[in-house]
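Following: one structure in structure tokens, then a few remarks.
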Amino acid sequence: MKQILAIDGPSGAGKSTLSRALARSLNYLHLDTGAMYRAVALAAIEAGVPLNDPEGLDKLCSVIDIKLKDEPDGLVVLLDGEDVTEQIRTPEISIASSNVSAVSEVRRQLVRLQREMGAQGGVIAEGRDVGTVVFPGTRAKFYIDASLWERARRRHEELKEKGADDTLEQVMAEIEQRDKNDSARSDSPLRIADDAIIVDTTYMTPEEVVKYIAEKVRELEKD
Ligand code: DC
């Protein structure tokens with residue numbers, strides 16, 4: 001039977017690369033919950049809603065339309081019909097998304113949407129609270145980790161490829177800040193689910209990680 005895969009872990013641990021590859025190899029849908037928090041952050045900045053205003057953000061979440069489309073080249077994020085895939089990947093939106101994600105009203109609305117999207121199974125859901133809050137009943141839970149230095153190095157390479165000129169130190173500071181925010185918030189903080197399999201990818205290649213997890217999922221599918 002097709003599973004719901006929960007892929008949680010801190011920023012820059014390689015969850016997105018892994019989830020994309022897994023979605024392709026298992027023919028599952030990629031449900032990038034972080035992209036949804038990023039879309040809310042972008043919408044809030046564009047609408048001038050303060051990132052710590054629960055009422056304003058609650059209203060905003062009720063009127064915006066966020067869609068994730070799995071395309072052959074990767075995930076496309078639509079905000080009110082507009083393709084914002086690239087726009088939501090800037091360091092500014094990274095920090096802003098971490099801020100709006102601490103607001104319970106935002107979480108409540110996005111979690112509802114995520115559960116609807118995953119209702120049929122066959123999804124790879126990646127984020128921070130997927131195994132603990134969004135789909136706590138799923139058996140396929142993974143916590144993807146890597147050292148802070150390695151996570152910063154990978155994110156820095158990614159940004160460089162896109163032409164950004166952030167230094168490694170800047171990227172590391174941003175990741176550290178988000179680690180703090182995401183683990184310290186009171187609503188659904190980043191934590192390892194009791195029944196999650198922990199995968200430290202610091203010394204693993206992306207291919208090794210995909211192979212390891214795909215094997216575990218195929219075992220689960222047999223049951
Ligand atoms: O995975 P990401 O870096 O694209 O996520 C952006 C921010 O959204 C991250 O700093 C924390 C937040 N987030 C969250 O709180 N819960 C999730 N399930 C996914 C992301």
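The values are calculated or read from the model by the stated rules, or taken from the named source; none is laboratory data. The structure presented is a predicted model; accordingly, all values stated were derived computationally and were not measured. In this analysis, Cβ positions are derived from the backbone assuming ideal geometry, glycine residues included, and neighbour counts consider all displayed protein chains. These accessible areas exclude ligands, DNA and RNA; they are computed on the full protein's heavy atoms, side chains included. Shrake-Rupley method; radii C 1.70, N 1.55, O 1.52, S 1.80 Å.
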Worksheet entry | Distance between modelled label sites at Ser147 and Glu82, nm, 7 Å Cα→Cβ extension | 4.2
Item to complete: Treat each spin label as a single point 7 Å out from the Cα along the C-beta direction, and report the Asp73 to Lys162 distance in nm.
Response: 1.5
Response to the item:
Shape call for the range 1-44, from the Cα gyration tensor axes a ≥ b ≥ c (a/c under 1.5 means rounded, otherwise prolate when a/b beats b/c, else oblate), comes out prolate
Discussion item. Whole-Hz ³J(HN,Hα) for each residue in the range 116-124, computed from phi via Karplus 6.51 cos²θ - 1.76 cosθ + 1.60 with θ = phi - 60°, x for glycine and proline: what do you get?
Written reply: 4, 5, x, 4, 7, x, x, 10, 9
Worksheet entry | Which listed pairs, of Lys67/Lys162; Lys2/Lys180; Lys141/Lys162; Lys59/Lys162, have C-alpha distances above 28 Å, in listed order | Lys2/Lys180; Lys141/Lys162; Lys59/Lys162
Worksheet item: Under the classification rounded if a/c is under 1.5, otherwise prolate if a/b is larger than b/c and oblate if not, where does the range 10-129 fall, given a ≥ b ≥ c as square roots of the Cα gyration tensor eigenvalues?
Response: prolate
Worksheet entry | Extension reserve of the Arg139-Ser104 stretch, reckoned as 0.36 nm per residue once the Cα distance is removed | 10.0 nm
Item to complete: For Ile4, tell me the accessible area in Å² from a 1.4 Å probe, rounded to the nearest 10.
Response: 30
Practice prompt. Select from Ser11, Leu51, Ala119 the residue farthest towards the positive end of the dipole of the chain; place +1 on Cβ of Lys and Arg, -1 on Cβ of Asp and Glu, and compute about the Cα centre.
Written response: Ala119
Worksheet entry | Cα gyration tensor category, rounded, prolate or oblate, for the range 64-135 with a/c compared to 1.5 | oblate
Worksheet item: Given a Förster distance of 30 angstrom, what is the FRET efficiency for Gln120 paired with Tyr212, based on the Cβ-Cβ distance and rounded to 0.05?
Response: 0.70
Worksheet item: Taking the Cα-to-Cβ direction at Ile198 and at Glu46 and moving 7 Å from each Cα, how far apart do the two end points lie in nm?
Response: 4.0
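Kindly state, to the nearest 0.05, the FRET efficiency for Glu169 paired with Asp58, given R0 = 45 Å and r defined as their beta-carbon distance. Walk me through the numbers on the way to the answer.
Values: r = 36 Å, r/R0 = 0.81.
The computed FRET efficiency comes out at 0.80.
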Fill in: DSSP beta bridge pairing in the chain, given as percent antiparallel to the nearest 5
30
Item to complete: Write down the Kirkwood hydrodynamic radius of the chain, to one decimal in angstroms, obtained as one divided by the mean of 1/r over all alpha carbon pairs.
Response: 17.6
Worksheet item: For the range 103-180, what is Rg from Cα atoms divided by 2.2 N^0.38 Å, rounded to two decimals?
Response: 1.38
Discussion item. How high is the relative contact order of the chain? Use alpha-carbon pairs under 8 Å, at least six apart in sequence, and give a whole percent.
Written reply: 34
Discussion item. I'd like the Karplus ³J(HN,Hα) series for the range 45-54: coefficients 6.51, -1.76, 1.60, θ = phi - 60°, whole numbers in Hz, and an x wherever there's a Gly or Pro.
Written reply: 4, 5, 8, x, 8, x, 6, 10, 9, x
Worksheet, complete the sentence: The FRET efficiency for Thr17 and Leu113, from their Cβ-Cβ distance with R0 = 25 Å and rounded to 0.05, is 0.60
